[in-house]
Amino acid sequence: MELNFTRVNDDQPQEQDAAFMKPEPAHGFTILAVNTGSTSTKMAVYRDRTPIVELTVAHSAEEIARFAVVTDQLGWRKRIILSTLDEHGIELDTLSAVISRGGLLRPIESGVYGVNSLMIDELMHCMPQHASNLSAMIAAEIARECGVEAYIADPVVVDERMEIAKLCGIREIRRRSIFHALNQKATARIHAESLGRRYEDMNFVIAHMGGGISVAAHLKGRAIDCNNALDGEGPVAPERAGTIPAGALIDLCYSGRYTHEQARALIVGGGGLVSLAGTNSVKELELRESEGDEEARAALDLLCYTVAKEIGAMAAALSGEVDAIILTGGIAYSRRVTDAITSRCRFVAPVTVYAGENELQALALNALRVLRGETQPKIYV
């Protein structure tokens with residue numbers, strides 16, 4: 001893969017100058033947003049705040065299995081995006097910017113970052129590999145062909161936590177920040193604007209509920225604490241075990257019944273609702289519950305209960321000064337789930353639901369803020 005970037009030196013400023021602000025075309029800025037996931041490629045073209053094209057291409061297990069490693073999928077995924085643009089009559093030379101989901105980089109502050117050679121190199125070689133790492137690589141290649149800039153915004157590794165929130169009761173272990181930063185922060189801004197206020201002036205507890213569930217405490221524009229929604233702790237989720245008794249887990253790991261990989265699969269992929277009820281689908285469990293399935297009811301109750309407990313913990317991180325609790329993500333479409341969580345948490349603060357992931361919209365709006373000079377892109381160093 002040929003990349004024409006200049007490596008960034010540590011002595012460069014942390015933010016780029018206003019040169020990235022562009023004169024707004026008469027028809028508005030045209031922004032390509034890219035989000036590569038494990039089993040899908042999502043893309044959207046926005047004209048300012050309006051979606052022109054939005055598409056999700058699902059990938060079967062058989063398609064993914066053709067590639068030995070994640071980075072081998074780069075050319076294939078890029079061709080899917082370019083083909084989609086062509087089918088919808090979107091010319092590359094009309095794009096104003098390309099923005100993508102960030103991958104598993106080192107912990108960084110929230111914000112929009114220009115894609116550079118250091119970022120690409122780390123995404124190519126970081127472990128574990130994840131399909132989200134491809135997004136910035138694809139964005140960089142397409143942006144170079146268009147003669148525009150490529151960005152990422154609020155990747156899952158955003159870390160703005162208080163120092164005490166990084167510690168735990170074993171000296172050798174530090175808590176990691178892996179949460180749905182992109183959607184949480186975008187939703188927080190939308191909610192603050194709906195109240196005529198700024199995200200940076202408010203305190204929120206936000207729960208993003210998808211295959212993994214992250215709950216974070218947002219103090220005046222910074223996520224000062226959150227659970228590790230990948231393989232750390234937190235609520236029971238569709239595919240995550242969440243916080244589990246440590247001693248019992250150690251005993252299980254040394255029982256001789258599981259390899260290292262199999263043990264990890266118990267907490268990521270095979271944990272949570274998958275372990276408890278045999279499915280990661282909340283819709284399926286709601287249907288089973290309606291038919292009298294007690295296993296389904298108990299699994300859903302546990303998810304709701306543990307999300308509510310985590311919200312309470314994050315409210316404590318904010319010393320109880322919470323302006324609103326926000327429920328978002330795909331599971332937030334479920335009234336059964338959101339009503340159960342709300343009933344336990346509304347004593348803390350008003351609860352508002354913004355269903356859906358909205359990640360492509362969040363990416364596009366972040367790029368628009370850069371193009372209009374409302375924020376400056378940071379440099380990844």
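Read-outs: derived from the displayed coordinates by stated rules, not from any lab. Remember, predicted model here, so these are calculated numbers, not experimental data. Note: ideal-geometry Cβ built from the backbone for every residue, glycine included; neighbour counts use all protein chains shown.
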Review point. Arranged by the count of other C-beta atoms within 10 angstrom, fewest first, what order do Cys253, Cys226, Cys345 take?
Key: Cys253, Cys345, Cys226
**Study point:** Cα centre as origin, Lys/Arg/Asp/Glu Cβ charges: the range 234-307 dipole, Debye
**Key:** 340 debye
Exercise for review: Please sort by residue number the GluC sites (Glu not before Pro) in the range 299-381 whose DSSP state is loop and whose Cβ has at most 13 other Cβ atoms within 10 Å.
Suggested key: Glu321, Glu374
Exercise for review: With an 8 Å cut-off on Cα pairs and a minimum separation of 6 or more residues, tell me the relative contact order of the chain in percent.
Suggested key: 20 percent
Check your understanding: Around Thr342, with a cut-off of 12 angstrom between Cβ atoms, what is the net charge of the other residues, counting Lys and Arg +1 and Asp and Glu -1?
Key -> +3
Revision key, fill the gap. Listing Tyr354, Tyr113, Tyr254 by rising number of other beta-carbon atoms within 10 angstrom, fewest first, gives Tyr254, Tyr354, Tyr113
Review point. Taking R0 as 22 Å, what's the FRET efficiency between Glu291 and Ala355 from their Cβ-Cβ distance, rounded to 0.05?
Key: 0.35
Point to revise | Cleavage-rule hits, trypsin sites (Lys or Arg not before Pro), the range 205-270, DSSP coil, Cβ neighbours within 10 Å at most 16 | key: Lys220, Arg257
Review point. Rg to Rh for the range 289-381: what is it, with Cα atoms only and Rh by Kirkwood?
Key: 1.12
**Study point:** Exceeding the 26 Å Cα-Cα cut-off - candidates Lys283/Lys309; Lys78/Lys220; Lys220/Lys309; Lys166/Lys283
**Key:** Lys78/Lys220; Lys166/Lys283
Check your understanding: Using θ = phi - 60° and the Karplus curve 6.51 cos²θ - 1.76 cosθ + 1.60, what whole-Hz ³J(HN,Hα) does each residue of the range 236-245 get, with Gly and Pro shown as x?
Key -> 5, 10, x, 10, 10, 6, x, 5, 10, x
Check your understanding: Taking θ as phi - 60°, what are the ³J(HN,Hα) couplings along the range 86-98 by the Karplus curve (6.51, -1.76, 1.60), each to the nearest whole Hz, with x for Gly and Pro?
Key -> 5, 4, 9, x, 8, 7, 4, 6, 8, 6, 9, 6, 10
Review point. What is the log10 of I(q)/I(0) for the range 35-102, computed with the Debye formula using one identical point scatterer on each Cα and no solvent, at q = 0.20, 0.22 Å⁻¹?
Key: -0.88, -1.02
Study note, to complete from the structure: Kirkwood calc, the chain, C-alpha pairs only, radius in angstrom 21.7 Å
Study note, to complete from the structure: Magnitude of the Cβ-charge dipole (Lys and Arg +1, Asp and Glu -1) of the chain about the Cα centre, nearest 20 debye, reported as 540 debye
Practice item. Could you calculate the contour length gain from Ser194 to Val69, that is, 0.36 nm times the residue separation minus the distance between their Cα atoms, to one decimal place in nm? Key: 40.6 nm
Exercise for review: Please list the non-local residues whose amide H lies under 5 Å from the amide H of Ser96, H modeled 1.01 Å from N, same-chain partners needing a gap of 5 or more.
Suggested key: Thr30, Ile31, Leu32
Practice item. For each of Phe29, Phe347, count neighbouring Cβ atoms within 10 Å of the residue's Cβ, then give the residues from fewest to most. Key: Phe347, Phe29
Practice item. Identify the residues of the range 228-249 with backbone N under 18 Å of a label point that sits 7 angstrom from the Cα of His260 along the Cα-to-Cβ direction, or state none. Key: 231-232
Review point. Taking the alpha-carbon centroid of each part, what is the distance from the range 271-318 to the range 137-160 in angstrom?
Key: 35 Å
Review point. Comparing Met202, Met43, Met162, which has the greatest mean-square fluctuation in the GNM of the chain with Cα pairs linked when under 10 Å apart?
Key: Met162
Practice item. Rounded to whole Hz and in sequence order, give me ³J(HN,Hα) for the range 223-228 from the Karplus expression 6.51 cos²θ - 1.76 cosθ + 1.60, θ = phi - 60°, writing x for Gly and Pro. Key: 8, 7, 7, 6, 8, 7
